2 protein chains.
Amino acid sequence: MASVDSHQHFFEGTEKLLEVWFKSSEGRDLDLRTVQKSDWDKLLELVKCEIISVASSPEMDAYVLSESSMFVTQDRYILKTCGTTTLLYCVEPLLKLVKDKVGFDVVGDIFYSRKNFSRPELQHGVHQNFENEVQELDKIFPNGSAYTLGRINRDCWYLYTLEDEGVTQPDQTFELLMWDMCPEKMKIFTQEMCKDGRDASEKSGIVDIIHGMKMDDFLFEPCGYSMNGLLPDGCYITIHVTPEPHCSYVSFESNVPQETYNDLIEKVLDVFRPGKFLMTIFANKASIARDTHKTLETQENIKGYRRSDHQLCCFKNYTLTYNQYAKSSAKSQRSTTTGQFARPVI
Amino acid sequence: MASVDSHQHFFEGTEKLLEVWFKSSEGRDLDLRTVQKSDWDKLLELVKCEIISVASSPEMDAYVLSESSMFVTQDRYILKTCGTTTLLYCVEPLLKLVKDKVGFDVVGDIFYSRKNFSRPELQHGVHQNFENEVQELDKIFPNGSAYTLGRINRDCWYLYTLEDEGVTQPDQTFELLMWDMCPEKMKIFTQEMCKDGRDASEKSGIVDIIHGMKMDDFLFEPCGYSMNGLLPDGCYITIHVTPEPHCSYVSFESNVPQETYNDLIEKVLDVFRPGKFLMTIFANKASIARDTHKTLETQENIKGYRRSDHQLCCFKNYTLTYNQYAKSSAKSQRSTTTGQFARPVI
């Protein structure tokens, strides 16, 4: 997000997202937040990004990075990085760091996920396609499962997770990944329109999405925006904006537990007005969000958007729904069909 | 299936499956069954297989092929071929043949699907991976959508279909693809144990799966089995067996409409006793099978088999469920996890 020429330079807003839950085989009372900042700095060097800012709640340390965000709780580590960062290079070093410096010796579960990149050829080797990423993760985890949701010849979303029971305490993650953004809305996230992160948070309406957040927001030079919001009970939201018109992209992620995310979805859509978006909801059996997929299955429209794909995956302890929507007025992903043979069959 | 040495030669039982629905833009009363056998013969030359036998019902012509089966109704064409056949080479020639010789000028819908191959490197170029196949189909259809169900680093199932409304008359397809078969059961499908197709159909219990079928069954030399069964109202079942122990595989497919397929599933499992199987059920909104996914979502066990994956896809007019099961006693797909780091983190 830093120092990009908004009219010439391509920036890959699409993030790589890693979430790792740790356990102690001896049931020891350990805490990931005892890792020193200098150790996180070294880890992030491998990923090619750095810490810009940190904010804390009793349950969580939330870092704004030069490319997206990092969240550290007692037993869960989240790293979300955009651009051409090399996220997977840090997985083994992370496990080693956490074992050596904290004492956690068991991975309870991992989730590695991302949308398909706009320009995969600009990524470093391991991240150029999901098959490479899976090979890399399979070297570390003997029981990983890899899935592709959505249309592999259009827009899709990749997931790598363990086939174990996983996390049993209530857990849910809600993500909205948006693209083909409204250019007017995107202008807010430039230094032309706003003087700093807080200014952009206010002008855009981000401050009103969820009230009572402790916000750490940052406006990049000349454009681009990141925000970590801390809420009570270990909840967070995080928003990242790539406003350049030729590669516009916004991500919204949260772990707030809700029985239905409809209100939240509508608020986020109002703030950003994407042309298209995909939504994923992960919820385990202990979460109050566990039945959201049943509502979503029948919901073919959301406030001016029409669903193009709905998929459900049942894992051992989690359900995942994947939903893709486009503005109702928008054309289908390629040309709309005439129902005729595409090529003349003479 | 023909002339394979069961102890040395690898045979890819996994089929490529194409289903095309045709329409006339002028609403003309046309019939695919007016195509001459010599024209089908020529088309199948492109796929590298040939017609062995044909059986007919009022609604359908059912062909046993040297590699699997072909079904022709008034407006639907189904081609299922195993081994190293080149199914996709016939798609454009098929559209041309059907337009020139029958007059159908609109593709109502297509479904191209297959399980991942055991040995993809033995396939001809276009079929070596799904990405190639999708590229080929995207050249023909401007509005095709490609999906991967299941685990891309283990067993999975690929689908290419059109994003249109598709077929509106009641339609459903049920498939069980089975592997790691019971060697005792597989012996039945060899010339050692049985003298012909009918003998194998009876000894195996296939004749009892659905009563009242008009059966066209064939036992290959020295082993391998194919059967097309015709039922009233345009219904069919088709079974193909690759019995060699090192590459055993059986497929069961049918379009019989049922509110729940549990009885049928149990009967098929009893006949073949696979180590693992995957099941797909396609049903459109007009089909009585449209709600089967709701039952399947909660059904984590079927008669001695435990579910490893359950996925649901909602298309414009169809729902598709994908389910994978393994014998409850069987190990997980790779080593079961200990919950420990797979590699020592020193």
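The values are calculated or read from the model by the stated rules, or taken from the named source; none is laboratory data. What you see is a predicted model; the values in this text were computed from it and never measured. Every residue, glycine among them, receives a Cβ derived from its backbone with ideal geometry; neighbour counts consider all protein chains shown.
Inside the range A:128-157, residues that are closer than 24 Å to A:Glu244 by Cα and within 8 Å of chain B (Cβ to nearest Cβ) make up a count of 1.
When you check B:Glu165 against the structure, is it at the interface with chain A (Cβ under 10 Å from one of its Cβ atoms) and surrounded by fewer than 21 Cβ atoms within 10 Å (Cβ to Cβ), yes or no? Even if it seems obvious, please write down each step before you answer.
Numbers: at the interface with chain A (Cβ under 10 Å from one of its Cβ atoms): yes; surrounded by fewer than 21 Cβ atoms within 10 Å (Cβ to Cβ): yes.
The answer is yes for B:Glu165.
What are the residues in the range A:62-81 that are surrounded by fewer than 23 Cβ atoms within 10 Å (Cβ to Cβ) and in contact with a Lys or Arg (Cβ under 6 Å, 6 or more places away or on another chain), if any? Result: A:Val72, single match.
Within the range A:62-102, the set of residues being more than 15 Å from the chain's Cα centre (by Cα) and within 18 Å of A:Gly229 (Cβ to Cβ) comprises A:Val72, A:Thr73, A:Arg76. Only one entry of A:Tyr89, A:Tyr160 meets the criterion of being surrounded by 22 or more Cβ atoms within 10 Å (Cβ to Cβ) and either of a type outside the set (Val, Ile, Thr) or at the interface with another protein chain (Cβ under 9 Å from one of its Cβ atoms) (or both), and that entry is A:Tyr160. Identify, please: which residue in the range A:92-122 is of a type in the set (A, V, I, L, M) and within 14 Å of another protein chain (Cβ to nearest Cβ) and is, among those, surrounded by the fewest Cβ atoms within 10 Å (Cβ to Cβ)? The selected residue is A:Val106. Can you name the residue in the range B:111-142 that is within 18 Å of B:Lys96 (Cα to Cα) and part of a helix (DSSP H, G or I) and is also farthest from the chain's Cα centre (by Cα) among such residues? Checked the range B:111-142; the qualifying residue farthest from the chain's Cα centre (by Cα) is B:Lys139.
For B:Gly125, the criteria (1) buried (at least 17 other Cβ atoms within 10 Å of the Cβ); (2) more than 9 Å from chain A (Cβ to nearest Cβ); (3) of a type outside the set (Lys, Arg) hold in every case but one, which is (1).
When the range A:24-34 is filtered for residues that are basic (Lys, Arg) and either touching an Asp or Glu at 6+ places or on another chain (Cβ under 7 Å) or closer than 27 Å to A:Thr85 by Cα (or both), only A:Arg33 remains. Taking (1) under 20 Å from B:Leu162 (Cβ atoms); (2) away from chain A (no Cβ under 14 Å); (3) touching a helix residue (DSSP H, G or I) at 6+ places or on another chain (Cβ under 8 Å) in turn, B:Asp61 satisfies each apart from (1).
In the range A:252-295, of all residues being assigned to a loop (DSSP other than H, G, I, E, B) and β-branched (Val, Ile, Thr), the one that is surrounded by the fewest Cβ atoms within 10 Å (Cβ to Cβ) corresponds to A:Ile288.
Rundown of residues vs (1) at pLDDT 95 or above; (2) at negative phi; (3) in contact with a Pro (Cβ under 8 Å, 6 or more places away or on another chain); (4) within 14 Å of chain A (Cβ to nearest Cβ), yes/no style:
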position: B:Asn255; (1), (2), (3), (4): yes, yes, no, no
position: B:Asp270; (1), (2), (3), (4): yes, yes, no, no
position: B:Pro274; (1), (2), (3), (4): yes, yes, no, no
position: B:Thr298; (1), (2), (3), (4): no, yes, no, yes
position: B:Ile302; (1), (2), (3), (4): no, yes, no, no
position: B:Ser328; (1), (2), (3), (4): no, yes, no, no
position: B:Thr337; (1), (2), (3), (4): no, yes, yes, yes
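In the set (1) within 22 Å of B:Thr14 (Cα to Cα); (2) among the small types (Gly, Ala, Ser); (3) in contact (Cβ under 8 Å) with a residue 24 or more places away in the chain, B:Gly125 fails one condition alone, (3).
Of all residues in the range B:300-328 being assigned to a loop (DSSP other than H, G, I, E, B) and either in contact (Cβ under 8 Å) with a residue 12 or more places away in the chain or of a type in the set (Ser, Thr, Tyr) (or both), which is nearest to A:Asp164 (Cα to Cα)?
Here is the first cut: in the range B:300-328, the residues assigned to a loop (DSSP other than H, G, I, E, B) are B:300, B:303-304, B:315-317, B:328.
Checking which are either in contact (Cβ under 8 Å) with a residue 12 or more places away in the chain or of a type in the set (Ser, Thr, Tyr) (or both) leaves us with B:303-304, B:315-317, B:328.
On the way: B:Lys303: 22, B:Gly304: 20, B:Phe315: 30, B:Lys316: 33, B:Asn317: 34, B:Ser328: 16 Å.
Per the criteria, the residue is B:Ser328.
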